[in-house]
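Trainee: This is the structure I want to talk about, given as structure tokens.
The values are calculated or read from the model by the stated rules, or taken from the named source; none is laboratory data. If you're wondering where the values come from, they're calculated on a predicted model, not measured in any experiment. Cβ placement follows ideal geometry from the backbone for every residue including glycine, while neighbour counts extend to all protein chains displayed.
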């Protein structure tokens, strides 16, 4: 958008050279931690429901908000259901929905953003205006309206999350891409007569992948949180199953007594999102090195 | 340099009007998909069909939807935001009561979060891969990974219920001095900062690192420019575009997206006004809120783009 | 007159004359009411059942009322549709505000018996069709204007105009004419006899506003407090009406009302001292409030219920065996304990609660019996079927009840899938629209209103679409039957019909739980209409610093 009114041609006093990277401290430790946390949750998402010791909706204990015990390692929830089973069952929805929605939102947003930066001005303007319109509607409001109008289903939840978070990805990618198009090597590629898609893929994407991925990691976190907010509004995954955010929400009454039922899913969300982001950080760092 | 900026602003003004028009159409389209209308919402669970019909006529809801939209649009152009159907007050009165609160909360949160986020991002970028970077990375991630309502509730339990230092609710009406002000805003601002700082700090770090990897920074390093100067004088100006955009995006959240904070602290802001309006199918109020959020967002992105242009000589010409 | 002294807090000293004044009027009017209702045993019976149920009903408020003090009260909802127009009241915060700024011609006491308020005297001259209400003299509105028959004519007439959007239009439709008789009396003529008119006029929607009012945002009424500030969805500030017609009342100087939608925020605000009174505390938070040392809980059961609605005009809920099976699938003890933390009373698929004088206790309690349900389901031909059940946060506790029902249905070989829908738009788009769903019915002022609105064949909110001629006939007869014993029998028969045949499952009656600062006194009384002392606390409570 910034480029819509400013010329892309610009002189650079820098020598034309492929950006070299300085050697940095190995990120193996971080990558290892990230990969194992994220891998753990992927495994839970796949096998969790099979491992759950109790049915997800069954009232197994007489006690609500019971602490950890041999029978219920993560205690019981606000109705007296086994928390371990509920987390094992619910993780699939959080991981699955958020992962798919974040990947879709970021890839759609980023591709459109890059193409808009390279597109003719009128197209860029149109897409950007539509995008601005979408972005300025608060996401929870959009979610409320979407679900009230179309009913709650898993595909709809994903569509809502993508509609809420793709515009942000678009804006950031477009801004990054627009900055890059003014750089020497892109100008050179243009004068070489390369096509737009080639420039986008070979010249722009590798050089903006780090912030785009970091942004996707954040979007993943936000979508996890959006899902919990939607369950709060009576939308979201259908009971008795609850995604991790909803597990926190429905047990919030136990917070004052320090109930495991609210701490356990919160820790689950924390480890999942931190794991995913550490992994993305380390991947994008190595990707950057390969891209040279 | 005056000229291009003036041209930019004029261009943006024109495209902003277009964006607002698109938003109003989108809002109009999705709210007309909503089941039920204002008459049913006003009369509630136990309304009779005759009553609903009568109220619809009275409120003008029996006119075709498009006609109502154009009437609203004509009103808007002439500066009339219309009437709220749910309580017969002018929309402008309802908004005027809430907007200052929202702006104050957004302003205070911005003033606190942006400097902290930039500082954290710059420190992380300078110490990339080092211990500080990793600690900050995990710290910002943990902050953002905790649901907002959990942060707010924990804060209330600790500071209001157990320690009794801060009020559990944010009563704007009881502000008399700067002490009151700080006590009232401490917890809402803290909660919002947890969400915003992480995102802005991480984008700042990412954008800076991209620049730090560029050849011209390598050149500067070879010329013996120190790390702080490299970051602040060379890398930062070039990455201001993406950073300003990330900041603008985060801040636009502060008007319409703070519904959870407004609910938990009972803060009378504009986000809860719009949620009410949607629930009441109060179309004029929904549209007015949407126009406001969109305008605020547009102002923020124009500011972000101005930042980018002013800081990047190559974009200026 | 055993309940007489309970109606009036122990006043002493300068207020003694007031007490005498009030007592005199109560005594007089009570006799009139008795005559009107033709029900001599009514008060003993109702008082007895109130005591018997022991629902947070304290014999006498402790302590001497003192004047002064300001409190802040948080209700469970507030939105821009908050209104000071009594006809439009929809939520707890509206009802309390209306009781703060206005009065009705009559007012409910602890047994839901209508007592004189703006009318100091009322009687029917012909067994329930023509009624004469005598207005109290010397009553003024907050702007200084005196109360006149014209105000009553205007206030009652508004409800019949569809443009008003009144919530009680259907109740008001039986009022044919309202006319002034002299300058202190009003004659009301009904389209058919109804001995319950004084009760209907005690409903908060029927409160009296000034003739010709179009702008209701000022809250100008005759009530105990004047409206100083009203900001819908934000707050209202009420200050004492020094000219209130009840001498010595109210006690408080000021009441600020706000809405806090989130339950845990509301309880935290109470515990941190930001507010002094809250409603809709969940059973889960009740122990937190009680353990704080400075706060107390008041749980009262007014007969609020969330019910399973089984539409008789849809499949498979039209099959009587299926409906009966579902009623046996409620583990009522479990619902009471797990969902409501024992702040509920076991119900028996009859809509009238134990606290009501027309409650029929002769029905055997339906127990949880999955085996019997299994047999019934087989008979209905739906065993092993997969059915959606619609629940929503809009119907209190329905999501949890649906999940528990899902569990117990599995025991009987029935697969229920819970379909949770948003509370936004629930009542207009989902309620009564699905074969299996939930409703939520708030207490009604009289058993007859409840049965007429929700069980009569022709009623728009006949939740299950149940058609029963015998029931309809009994209902109409009971409105006109002057003999209390015969009426009791009619209500018993109607409850038996509902229990046996209607497509409604009522597992429990949910208690209303208020939490309050123990310095707030006089909060022990209950008026079984809902929380906040039946929404009428403002003029009854005082602050002891």
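Trainee: Taking the options C:222, C:217, name whichever one is out of contact with any helix residue (DSSP H, G or I) (no Cβ under 6 Å at 6 or more places or on another chain), touching a residue at least 12 places away in the same chain (Cβ under 8 Å), farther than 19 Å from residue C:76 by Cα and within 14 Å of chain B (Cβ to nearest Cβ).
Mentor: Answer to the check: C:217.
Trainee: Something else: Part of a helix (DSSP H, G or I), surrounded by 16 or more Cβ atoms within 10 Å (Cβ to Cβ) and within 14 Å of chain C (Cβ to nearest Cβ), is that true of residue B:188?
Mentor: Numbers: part of a helix (DSSP H, G or I): yes; surrounded by 16 or more Cβ atoms within 10 Å (Cβ to Cβ): yes; within 14 Å of chain C (Cβ to nearest Cβ): yes.
For residue B:188, the condition - part of a helix (DSSP H, G or I), surrounded by 16 or more Cβ atoms within 10 Å (Cβ to Cβ) and within 14 Å of chain C (Cβ to nearest Cβ) - is met.
Trainee: Is there a residue in region B:135-145 that is more than 22 Å from the chain's Cα centre (by Cα), closer than 30 Å to residue C:272 by Cβ, more than 7 Å from every other protein chain (Cβ to nearest Cβ) and at pLDDT below 85?
Mentor: No, because not a single residue in region B:135-145 is more than 22 Å from the chain's Cα centre (by Cα), closer than 30 Å to residue C:272 by Cβ, more than 7 Å from every other protein chain (Cβ to nearest Cβ) and at pLDDT below 85.
Trainee: Of the numbered conditions (1) closer than 18 Å to residue B:86 by Cα; (2) surrounded by fewer than 24 Cβ atoms within 10 Å (Cβ to Cβ), residue C:121 fails exactly one; give the number of that condition.
Mentor: (1)
Trainee: Taking only region B:38-51 into account, find how many residues are crowded, with 20+ Cβ neighbours inside 10 Å and either free of Cβ contacts under 8 Å to residues at least 60 places away in the same chain or more than 9 Å from chain C (Cβ to nearest Cβ) (or both).
Mentor: Total satisfying the criteria: 5.
Trainee: What helices (runs of 4 or more DSSP H), lying completely within region C:408-509, carry at least 2 residues that are in contact with a strand residue (DSSP E or B) (Cβ under 8 Å, 6 or more places away or on another chain)?
Mentor: In region C:408-509, C:447-454 are the helices (runs of 4 or more DSSP H) which contain 2 or more residues that are in contact with a strand residue (DSSP E or B) (Cβ under 8 Å, 6 or more places away or on another chain).
Trainee: Determine which member of the set C:108, C:133 is touching a strand residue (DSSP E or B) at 6+ places or on another chain (Cβ under 9 Å), closer than 22 Å to residue C:245 by Cβ, at pLDDT below 95 and surrounded by 22 or more Cβ atoms within 10 Å (Cβ to Cβ).
Mentor: That would be C:108, the only listed residue that is touching a strand residue (DSSP E or B) at 6+ places or on another chain (Cβ under 9 Å), closer than 22 Å to residue C:245 by Cβ, at pLDDT below 95 and surrounded by 22 or more Cβ atoms within 10 Å (Cβ to Cβ).
Trainee: Within region B:253-265, which residues are over 19 Å from residue B:297 (Cβ atoms), part of a helix (DSSP H, G or I) and more than 8 Å from chain A (Cβ to nearest Cβ)?
Mentor: Residues satisfying the conditions are B:263, B:264.
Condition check ((1) more than 30 Å from residue B:170 (Cβ to Cβ); (2) within 14 Å of chain B (Cβ to nearest Cβ); (3) modelled with pLDDT under 90; (4) touching a helix residue (DSSP H, G or I) at 6+ places or on another chain (Cβ under 8 Å)) across all residues:
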{"site": "C:208", "(1), (2), (3), (4)": "yes, no, no, yes"}
{"site": "C:240", "(1), (2), (3), (4)": "no, no, no, no"}
{"site": "C:245", "(1), (2), (3), (4)": "yes, no, no, no"}
{"site": "C:256", "(1), (2), (3), (4)": "no, yes, no, no"}
{"site": "C:264", "(1), (2), (3), (4)": "no, yes, yes, yes"}
{"site": "C:267", "(1), (2), (3), (4)": "no, yes, no, yes"}
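Trainee: Continuing with this model, one more query. If you go through region C:269-287 one residue at a time, how many are in a loop (DSSP other than H, G, I, E, B) and more than 9 Å from chain B (Cβ to nearest Cβ)? Break it down into steps so the answer makes sense when it comes.
Mentor: Here is the first cut: in region C:269-287, the ones in a loop (DSSP other than H, G, I, E, B) are C:272-276, C:279-282.
Now narrow it down to the ones that are more than 9 Å from chain B (Cβ to nearest Cβ): C:276, C:279-282.
Final tally of qualifying residues: 5.
Trainee: In contact with a strand residue (DSSP E or B) (Cβ under 8 Å, 6 or more places away or on another chain) and either in a helix (DSSP H, G or I) or within 12 Å of chain C (Cβ to nearest Cβ) (or both), is that true of residue A:261?
Mentor: yes
Trainee: Can you pull out the residues in region A:136-149 that are farther than 20 Å from residue A:100 by Cα, crowded, with 16+ Cβ neighbours inside 10 Å and free of Cβ contacts under 8 Å to residues at least 24 places away in the same chain?
Mentor: Residues of region A:136-149 farther than 20 Å from residue A:100 by Cα: A:136-138, A:141, A:144-145, A:148-149.
Checking the rest, the ones that are also crowded, with 16+ Cβ neighbours inside 10 Å come to A:136-138, A:141, A:144-145, A:148.
A:136, A:137, A:138, A:141, A:145, A:148, listed by residue number.
Trainee: Taking region C:74-116 on its own, how many of its residues are touching a helix residue (DSSP H, G or I) at 6+ places or on another chain (Cβ under 8 Å) and within 14 Å of chain B (Cβ to nearest Cβ)?
Mentor: Residues flagged as touching a helix residue (DSSP H, G or I) at 6+ places or on another chain (Cβ under 8 Å) and within 14 Å of chain B (Cβ to nearest Cβ) within region C:74-116 amount to 18.
Trainee: Turning to a different aspect of this structure: Among the candidates B:151, B:144, B:135, B:156, single out the residue that is assigned to a helix (DSSP H, G or I) and surrounded by fewer than 20 Cβ atoms within 10 Å (Cβ to Cβ).
Mentor: B:135
Trainee: Does region B:97-129 hold any residues that are out of contact with any helix residue (DSSP H, G or I) (no Cβ under 9 Å at 6 or more places or on another chain) and within 11 Å of another protein chain (Cβ to nearest Cβ), and which are they?
Mentor: Result: no residue meets the conditions.
Trainee: A follow-up question, please. Looking at B:268, B:242, which one is at the interface with another protein chain (Cβ under 7 Å from one of its Cβ atoms), surrounded by 20 or more Cβ atoms within 10 Å (Cβ to Cβ) and in a loop (DSSP other than H, G, I, E, B)?
Mentor: Of B:268, B:242, the one residue that is at the interface with another protein chain (Cβ under 7 Å from one of its Cβ atoms), surrounded by 20 or more Cβ atoms within 10 Å (Cβ to Cβ) and in a loop (DSSP other than H, G, I, E, B) is B:268.
Trainee: Please specify each residue of region C:425-462 satisfying the condition of being in contact (Cβ under 8 Å) with a residue 24 or more places away in the chain and at positive phi.
Mentor: C:432
Trainee: May I ask you to list the residues in region A:115-138 that are in a helix (DSSP H, G or I) and facing another protein chain (nearest Cβ under 7 Å)?
Mentor: A:125, A:129, A:130, A:132, A:133, A:135
Trainee: Kindly indicate the residue of region C:163-178 that is touching a residue at least 40 places away in the same chain (Cβ under 8 Å) and more than 7 Å from chain B (Cβ to nearest Cβ) and also farthest from the chain's Cα centre (by Cα) among those meeting that condition.
Mentor: Checking each candidate, the answer is C:164.
Trainee: Tell me the helices (runs of 4 or more DSSP H) entirely within region C:133-237 that contain at least 3 residues that are closer than 24 Å to residue C:93 by Cβ.
Mentor: Working: elements: C:149-157, C:169-172, C:197-200.
Of the helices (runs of 4 or more DSSP H) lying wholly inside region C:133-237, those with at least 3 residues that are closer than 24 Å to residue C:93 by Cβ span C:169-172.
Trainee: Taking the conditions exactly as written (out of contact with any helix residue (DSSP H, G or I) (no Cβ under 7 Å at 6 or more places or on another chain), more than 30 Å from residue C:167 (Cβ to Cβ) and more than 10 Å from chain C (Cβ to nearest Cβ)), does residue B:25 satisfy them or not? Walk me through it before giving the result.
Mentor: On the way: out of contact with any helix residue (DSSP H, G or I) (no Cβ under 7 Å at 6 or more places or on another chain): yes; more than 30 Å from residue C:167 (Cβ to Cβ): yes; more than 10 Å from chain C (Cβ to nearest Cβ): yes.
Answer is yes for this residue.
Trainee: Got a number for residues in region A:253-284 being over 18 Å from the mean Cα position of the chain (by Cα) and modelled with pLDDT under 85?
Mentor: 4
Trainee: Can you list residue pairs whose Cβ atoms sit under 8 Å apart, with the first residue in region B:162-180 being within 13 Å of another protein chain (Cβ to nearest Cβ) and the second being at pLDDT below 85 and not in a loop (DSSP other than H, G, I, E, B)? Count only pairs 6 or more apart in sequence or on different chains.
Mentor: B:174/B:180
Trainee: Of everything in region A:19-47 that's in contact with a helix residue (DSSP H, G or I) (Cβ under 6 Å, 6 or more places away or on another chain) and at pLDDT 90 or above, which residue is farthest from residue C:404 (Cα to Cα)?
Mentor: Looking at the filtered set, the residue picked out is A:35.
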